[in-house]
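Read-outs: derived from the displayed coordinates by stated rules, not from any lab. All of these numbers come straight from a predicted model, not from anything done at the bench. Positions of Cβ are backbone-derived with ideal geometry, glycine not excepted, and every protein chain shown enters the neighbour counts.
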Amino acid sequence: MLSLVRYMAYAEQTSTPLYRDERFLRIINQVVVVALVAGVLIFLYSNMVTALRTQKEVPISYDFLNDTAGFNLGESTIAFTRTDPIHRAMLVGLLNTFKVSIAGIVLATILGTFIGVMRLSTNFLVSKIALVYINVFRNIPPLLLLIFWYRAIFLKLPRVQEAIVLFDPVFPVYIANRGLFFPWGTATESWYTYRWILLGGFALALFVAYLLRQHGKRTGRMPLVTLWFLVILLAVTVLGYVILPDPLEITKPALKGFNIRGGGSVSLEFWGLLFGLVIYAAAYIAEAVRAGILSVDRGQREAARALGFSSFNIMRLIILPQAIRVVVPPLISYAIGFTKNTSLGLAIGYTDFFAITGGLILNNTGRAVETLTIILLVYLTISLIASLILNMYNRRITLSH
Amino acid sequence: MPTAPVTDPQGNVLPPGREGNTVVQWIKENLFSSLFDSLLTVISLLFMFFVLRLALDWVFNLAQWDVIAANINILMKGSYPGEQVWRIWIGLYLLGGIAGINLRAWNRELNRSTVTIAAIPLILALLPFASERARVNLIIIQGTIVAAYLLTSVAKEKRRRQIAAITSIFYIPALIFLLEGFTDENGIMPLVKSDLWGGLLLSVLLAAVGIIFSLPIGIILALGRRSRQPAISALCITYIEVVRGVPLISILFMGNIMLQLFMPQSLPPIDRVIRVMVAITFFTAAYMAEIVRGGLQAIPKGQYDAAYALGFSSLKSMRIIILPQALRIVIPVIVSQFIGLLLDTTLVALVGLYDLLGIGQAILSNPNWLGRSQEVYVFIGLIYWILATSMAFASQRLEKTLGVGRNYDGL
């Protein structure tokens, strides 16, 4: 507003009439556009409010979030019963979304890197197999892929009574049309101590890795940091388990009547969503990895070879650190895309955030406006946080350049 | 260590041996260059053998394709009434015409691949399972492609792209008008409610509508985002980032449920297909804005300066100098976006539309076709794959030949 006053004063002093002063016109232009947009939004909003009032006689309110849910959820990482409030059901959904996203992003990155490296192989067949994979799975709808896995493959698995049993009796895994069942531990009293030991081990491994890295930077001979990190972590995990009196009570799944009891299980909906999305995302990640490795100048490899680096060390110390700058930004956007795509779980009945909020809760309460607003806000928050990380990463790699 | 040069008995240094391009040498270099390489080749061959055997065994022995043959009509057009199918064919004749015009206008950029794209109807007509009626119609489409190609040749070279652009943009509204109809039941073109549209027809239509109608909105948003007026750029950035930050399915739900609420109550209810089209258009617009922005950023600053120096107003320089070049560069990206959108339209099955996937699900819920899910899904996947791959192929060709400043190569 102050600037407008200043322009008016300025305009009075000069001979340019106000209506031809570009700076003044710019402000007028913005005011008009903003007013127009606001007008349209207010019009739409008032229409909505009248429509809601005449149709349902319920004003917009978020109090229903505290009502009891009234439905059960098969897949949940936290305890949930039908008497729990609706907002807890949303939390269950959000956790399920994160569960499948994290597993999927890790798997897709591994598979995608593998295929991207295959694509660069000098072996003709290996490279062409990777090419066919990328070409096929980039050009098929991901929704079709996951419905195919779920309905046409997994649901055709044998019934529980005729389940496929692998690795019996050491580590029995049951595969049936109701899920995948495997031995799993339940926490005993010493589990809580064990958790602290694990945390301590993680901190120790991190600390040692940091020291090794500093040492490598000082001496110019970089030790295998990641390997040492994993070795320490594994050692602490195993040692803690041996010392403590059984922190976990392992139960094996077994067939009891018409059901499989004991152990842990993962639903086929989870597997269907995971398989479909991982196969699709890996095709994109493969291309990103390939582009990243190709972006490293040939001369770098040749120079490293001339300096006597082994081909493993060339990859580890020369190629990968440079390729990773090119690979990570698209990888993060694929990770965002993956998280958004988990909403396709709705199609096969995986209870992710979208399926619970936009499906179950919307249908049960009829509160379309409120649930859709919550959905938009939640996904937006996830995307914004991920883009913030991406921007931070981008800034870091450009600074150190 | 360098090896000694090869000499003949007289001591003359021989020219270097010719690069072998025999089959044996090629195999040796590309498949068995080292022990590890040979191992990889053997593993790959085994892998290919098992996958191919599994696939061929399934296709020829296990799969029962009668489900596709019996339902091919509804897979293609949904519940569109049988006696009105001629309207779809006329729409396809027109599409052939548009294709012919575009092929002529862009033939230098498309070069050899043009022929393969242009012959698709003929290839389809030659397929063994095409019905007599489909065959005749496909040959007519082929005829319209050739006719439009030849007719466009008459036009001056400069006008061809204008003609192509204008006809392409007006094609989609014309097609919707043709499919929707306007007369009562006894007239020549009775109204066909859009709820009856379905199958591949609906999938392609949704993607085409999404791309065509989102383009103008996308251009406005892109220009707004680059604007130096903070209020305008903030508005555009907010829209683009919000839409890009949420999944398509949530936008579809919003369009399906809330669009009706946003309209004044005096208006009649909107068809579900139209609601979804609006949702897809507004969704795609955000992505289109980013594509156009990419094109705008690729235009050298000198172009702006030159236009300014010649006295063009900023609106005019945008319209005549900058945008035509920027849009030209991003054509391949728009094609990729169209492919992506075509694959994404499968999501409309989740809001109750009968697109190709939705029809597939409906067929499978019929007790007659229980247990044929593999056949139906593989067939649908194949259709999407063929459409997407052929378009990707054309777009790669375009990408190689379209670029900034290509016009000025002659200088």
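The table below lists the values:
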| read-out | value |
| --- | --- |
| log10 of Debye I(q)/I(0), alpha-carbon scatterers only, for chain B at 0.11 Å⁻¹ | -1.02 |
| Two-decimal ratio, segment B:124-262, of alpha-carbon radius of gyration to 2.2 N^0.38 Å | 1.45 |
| Value at 222 nm in deg cm²/dmol, rounded to 500, when DSSP H runs of n ≥ 4 in the protein assembly as shown each add -39,500 (n - 2.57) | -22000 deg cm²/dmol |
| Inter-label distance, nm, simple model (7 Å from Cα along the C-beta direction), A:I27/A:L234 | 6.9 |
| Stretch in chain A that is longest and holds no trypsin sites (Lys or Arg not before Pro) that DSSP places in a loop and that have at most 10 other beta carbons within 10 Å | A:222-401 |
| Segment B:34-123: trypsin sites (Lys or Arg not before Pro) in DSSP coil with no more than 16 other Cβ atoms inside 10 Å | B:R112 |
| Extension gain (nm, one decimal) between B:L310 and B:W65, 0.36 nm per residue minus Cα-Cα | 81.6 nm |
| Full-stretch length increase - A:Q161, A:I110 - with 0.36 nm per residue and alpha-carbon distance subtracted | 14.9 nm |
| A:Y62, B:Y171 arranged by Cβ crowding within 10 Å, fewest neighbours leading | A:Y62, B:Y171 |
| Stretch in chain B that is longest and holds no GluC sites (Glu not before Pro) that DSSP places in a loop and that have at most 12 other beta carbons within 10 Å | B:186-411 |
| Computed E for B:F32/A:W191 - FRET, C-beta separation, R0 51 angstrom, nearest 0.05 | 0.40 |
| Top positive-direction residue, dipole computed over the protein assembly as shown with Cβ charges, set B:V278, A:F154, B:F182 | B:V278 |
| Cα centre as origin, Lys/Arg/Asp/Glu Cβ charges: the protein assembly as shown dipole, Debye | 2000 |
| Modelled FRET efficiency - R0 30 Å, A:R6 with A:L36, Cβ distances, 0.05 increments | 0.75 |
| Efficiency of FRET from Cβ geometry, A:R213 and B:S365, R₀ 56 Å, rounded to 0.05 | 0.45 |
| Chain B: relative contact order as a whole-number percent, Cα under 8 Å and 6+ apart | 19 |
| Residues A:F338, B:F60 arranged by fewest to most Cβ contacts within 10 Å | B:F60, A:F338 |
| Where labels lie 7 Å past Cα in the beta-carbon direction, separation of A:T373 and A:T83 in nm | 3.1 |
| Whole-Hz couplings from phi, Karplus 6.51/-1.76/1.60, listed for segment B:162-175; x for Gly and Pro | 4, 4, 4, 5, 5, 4, 5, 5, 7, 4, 5, x, 4, 5 |
| For chain A, built as a Gaussian network whose Cα springs stay under 10 Å, the top-fluctuating residue of A:F80, A:F354, A:F270 | A:F80 |
| Under 12 Å, Cβ to Cβ, from B:R228 - net charge with Lys/Arg +1 and Asp/Glu -1 | +3 |
| Per-residue average of Cβ from other chains inside 10 Å of B:240-246 | 6 |
| Dipole of segment A:272-401, positive direction: furthest Cα of A:P330, A:L273, A:Y393, with charges on the beta-carbon | A:Y393 |
| Chain A - convex hull of the alpha-carbon atoms, volume per residue in Å³ | 283 |
| Near-label residues of segment A:191-217 by backbone N, under 12 Å of a point 7 Å along Cα→Cβ of A:L244 | A:191-201 |
| Sequence-distant residues sharing a close amide H with B:F32 (under 5 Å, placed H) | none |
| Cβ-based exposure ranking for A:Y393, B:Y149, in which fewest neighbours within 10 Å come first | A:Y393, B:Y149 |
| Most mobile of B:I101, B:I188, B:I120 in a GNM of chain B (Cα contacts under 10 Å) | B:I188 |
| Alpha carbon convex hull of the protein assembly as shown, projected area averaged over orientations, nm² | 51.4 |
| Model label zone, B:Q396; criterion: amide N under 18 Å from point 7 Å along Cα-to-beta-carbon; scope segment A:278-322 | A:283-292, A:294 |
| Centroid-to-centroid separation of segment A:267-334 and segment B:230-258 [C-alpha atoms, Å] | 32 |
